[in-house]
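Student: First the structure, which I've put down as structure tokens, then a few questions once you've had a look.
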Amino acid sequence: MKLTLSLFALGTLITTSFAMAQAPSHNGGFQTARYLKGYQCMQAGKAWTDADFNRWVENGRLPNDPSVPQNSPVYASSDLNANQVGTSDNVALVDIRHPAVNNRLPILWPNGKTVWINVKELSPYKVVSNPRAKCYPVQLKNGRYGTSSTPPK
């Protein structure tokens, strides 16, 4: 069962990765325009462990725990009374040029707006299924912000 599930997951990952790499680009699509200096990828929300991943593989299903928020709240400013303006993606682009203020760090949303996230919501970037994976903050050709796994040249 483990081998069948692992092979299925690997095949799905390869197929999805190939399809995404071959997808046509509209209005600049997901092509990198430039790498962002002063920003670092970090995990936002619950950091899954190797044990979590192994348990999901053994059970043959992905996590679906409604008691654990998948996304972390973000705020309009570092002020403790600032309004929550939304939630972060699972990977946050953290502005490392600025120190934490009131235990909050600025992050860059995909639309380019700066919002603030609690430090306790962040952990080092890690892909459980591929510990060697790297993340590089980028601006895309369509003007939005995101990540790339390809290092700058």
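All of the numbers you see were taken from the coordinates with simple rules; none came from a lab. For clarity, every value in this text was computed on a predicted model and none was experimentally measured. All Cβ positions, even for glycine, are placed from backbone atoms using ideal geometry, and neighbour counts span all protein chains on display.
Student: Once amide H atoms are built 1.01 Å from N in the peptide plane, which residues 5 or more positions from Leu140, or in another chain, come under 5 Å H to H?
Tutor: Amide H neighbours of Leu140, under 5 Å, 5+ apart: Ala33, Tyr145, Gly146.
Student: Using the per-residue mean of other Cβ atoms lying within 10 Å as a proxy for protection, in what order, highest first, do the peptides 79-92, 112-125 fall?
Tutor: Per-residue mean Cβ counts within 10 Å order the peptides as 112-125, 79-92.
Student: A follow-up question, please. Residue by residue through the range 95-103, what is 3J(HN,Hα) from phi via Karplus (6.51 cos²θ - 1.76 cosθ + 1.60, θ = phi - 60°)? Round to whole Hz and write x for glycine and proline.
Tutor: Using θ = phi - 60°, the values come out as 7, 7, 7, 10, x, 5, 10, 6, 6 Hz.
Student: Still on this structure, I have one more. Bin width 5 Å, origin at 0, all Cα-Cα pairs of the range 71-125: what percent of pairs per bin?
Tutor: Each 5 Å bin holds this share of Cα pairs: 4, 23, 37, 26, 9, 1.
Student: Now a separate question. In nm, to one decimal, how far is the modelled label at Ser149 from the one at Thr114, with both set 7 Å along Cα→Cβ?
Tutor: It works out to 3.1 nm between the two label points.
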